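In what follows, a single structure is set out as C-alpha cells and then discussed.
The values are calculated or read from the model by the stated rules, or taken from the named source; none is laboratory data. Only a predicted model underlies this, so the values are computations on that prediction, with no experimental measurement involved. Virtual Cβ from ideal backbone geometry, glycine too; neighbours counted across all protein chains shown.
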C-alpha cells in the first residue's frame with residue numbers, strides 16, 4: 001500500500017532557529033532568577049514574554065522534526081497536526097500567564113514594593129542584547145520561511161519588552177517611581193496577550209479546517225476559472241494541514257475530458273506558483289454531461 005508523501009515547503013533556517021532558541025531560553029532562565037531576586041514583576045513578565053519566543057522557535061523546530069516522520073495507513077497526513085495541537089495548548093497557557101501578570105500588577109499598583117534595580121537592569125540589558133543577537137541570526141533566514149519570519153517578529157517584540165524593563169529600572173533607580181515596575185509589566189502582558197490570542201485563533205482555525213487567513217477563496221476561484229478549458233468550479237474546499245502547507249479539493253467542469261490532464265496540470269501549476277497551494281485533489285466533470 002503506497003502512502004502519498006506530503007512535503008512542507010520552506011523548512012529552511014533550522015540551524016538559525018535552533019541557535020536563536022538556545023540563546024532565548026538561556027536568557028529566559030536568567031531573567032526568571034533575576035526577577036525573583038530583584039522582586040521586579042516587569043522582569044518576570046519579560047521572562048514570560050521570552051517564553052512565547054522560545055515556544056515559537058521550538059514549535060518550528062518540532063514541526064520540522066515531526067515532518068520527517070513518514071505517513072502511515074493510520075495517519076495518512078503524517079504527524080503535522082501535532083504542531084497545531086502544541087500551539088493551541090501553548091496559547092491557552094500564555095493567556096493564563098497574562099491573567100496572573102495582570103492580577104499581580106494591579107496589586108502592586110496599590111502598594112508598589114521595593115525593587116532591587118541592579119539585578120533588574122543587568123538582566124534586562126542582557127535580555128536586550130540576546131534579542132538583538134537572535135534577531136540578527138534570523139534576519140536573512142526569515143526571507144525563505146514564514147515560520148522563521150514569525151519567530152523573528154516574536155524576537156523583535158521581546159526586544160521592545162526588554163527596553164520597557166530597562167526604562168522601568170532607570171525610573172525606579174533615579175526617580176524613585178516604583179509604579180513604573182507594575183505599569184511596564186502590564187505593557188508586556190499586553191504584548192503577550194496579543195501573541196497568545198493570535199496563536200489560539202490561528203490554531204483553532206486550522207483545527208476547524210477553515211480557509212487560511214492569508215488566502216482569499218474568491219481570488220483562488222477566479223484564478224482557476226481563467227485557466228483555458230475550465231468551464232466552472234464548485235464544491236471547493238480550502239484548508240491548512242499545518243503551517244505552510246495548504247490543501248484544496250473540488251469539482252472542476254471542463255470543456256472536454258480529453259484535455260483533462262492538460263487542464264489539471266495547468267490548474268496545479270497556477271495554484272502552486274500564485275498561491276503556494278501544493279496539495280490538491282480535483283474531480284473533473286465534462287460540461288457536455290452537466
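Exactly one condition in (1) surrounded by fewer than 19 Cβ atoms within 10 Å (Cβ to Cβ); (2) modelled with pLDDT of 90 or more; (3) within 21 Å of residue 33 (Cα to Cα) is not met by residue 128; state its number.
Unmet for residue 128, out of (1) surrounded by fewer than 19 Cβ atoms within 10 Å (Cβ to Cβ); (2) modelled with pLDDT of 90 or more; (3) within 21 Å of residue 33 (Cα to Cα): (1).
If residue 252 passes every condition in (1) free of Cβ contacts under 8 Å to residues at least 40 places away in the same chain; (2) over 16 Å from residue 282 (Cα atoms); (3) in contact with a strand residue (DSSP E or B) (Cβ under 8 Å, 6 or more places away or on another chain) but one, which one does it miss?
That leaves (2) as the condition not met.
Output the residues belonging to the stretch 237-271 that are assigned to a loop (DSSP other than H, G, I, E, B) and over 19 Å from residue 222 (Cβ atoms). Spell out the reasoning first.
So the first thing to find is which residues in the stretch 237-271 are assigned to a loop (DSSP other than H, G, I, E, B), and the list is 243-244, 255-256.
243, 244, 256 - these are the residues of the stretch 237-271 that are assigned to a loop (DSSP other than H, G, I, E, B) and over 19 Å from residue 222 (Cβ atoms).
Does residue 188 satisfy being within 16 Å of residue 123 (Cα to Cα), in contact (Cβ under 8 Å) with a residue 40 or more places away in the chain, surrounded by fewer than 24 Cβ atoms within 10 Å (Cβ to Cβ) and within 29 Å of the chain's Cα centre (by Cα)?
no
Out of curiosity, is residue 22 out of contact with any strand residue (DSSP E or B) (no Cβ under 9 Å at 6 or more places or on another chain), outside the structural domain of residue 246 (by TED's automatic domain parsing), surrounded by fewer than 19 Cβ atoms within 10 Å (Cβ to Cβ) and modelled with pLDDT of 85 or more?
So residue 22 passes the test.
Out of all the residues in the stretch 134-182, which are at pLDDT 80 or above, surrounded by fewer than 15 Cβ atoms within 10 Å (Cβ to Cβ) and more than 22 Å from residue 118 (Cβ to Cβ)?
136, 139
Which residues, taken from the stretch 194-210, are surrounded by fewer than 18 Cβ atoms within 10 Å (Cβ to Cβ) and either at pLDDT 85 or above or touching a strand residue (DSSP E or B) at 6+ places or on another chain (Cβ under 7 Å) (or both)?
Correct list: 194, 197, 201, 204, 205, 207, 208, 209, 210.
Condition (residue is in contact (Cβ under 8 Å) with a residue 40 or more places away in the chain, in a helix (DSSP H, G or I), under 33 Å from the mean Cα position of the chain (by Cα) and not assigned by TED's automatic domain parsing to the domain that holds residue 80) applied to the stretch 272-284: is it met by at least one residue?
Yes, the stretch 272-284 has at least one match.
Across the stretch 108-133, which residue is farthest from the chain's Cα centre (by Cα) among those that are free of Cβ contacts under 8 Å to residues at least 24 places away in the same chain and in a helix (DSSP H, G or I)? Lay out the reasoning, then the answer.
Of the residues in the stretch 108-133, the ones free of Cβ contacts under 8 Å to residues at least 24 places away in the same chain are 110-111, 129.
Imposing the further condition that a residue be in a helix (DSSP H, G or I) reduces the set to 110, 129.
Working: 110: 36, 129: 23 Å.
My answer is 110.
Pairs please, first residue from the stretch 231-243 and farther than 29 Å from residue 257 by Cα, second anywhere and surrounded by fewer than 18 Cβ atoms within 10 Å (Cβ to Cβ), Cβ atoms under 6 Å, 6+ apart in sequence or on different chains.
241/77
Exactly one of these conditions fails for residue 102: (1) in a loop (DSSP other than H, G, I, E, B); (2) at pLDDT 85 or above. Give me its number.
(1)
Identify, please: which residue in the stretch 221-236 is outside any helix (DSSP H, G or I) and either modelled with pLDDT of 95 or more or within 17 Å of residue 273 (Cα to Cα) (or both) and is, among those, farthest from the chain's Cα centre (by Cα)?
Here the residue is 228.
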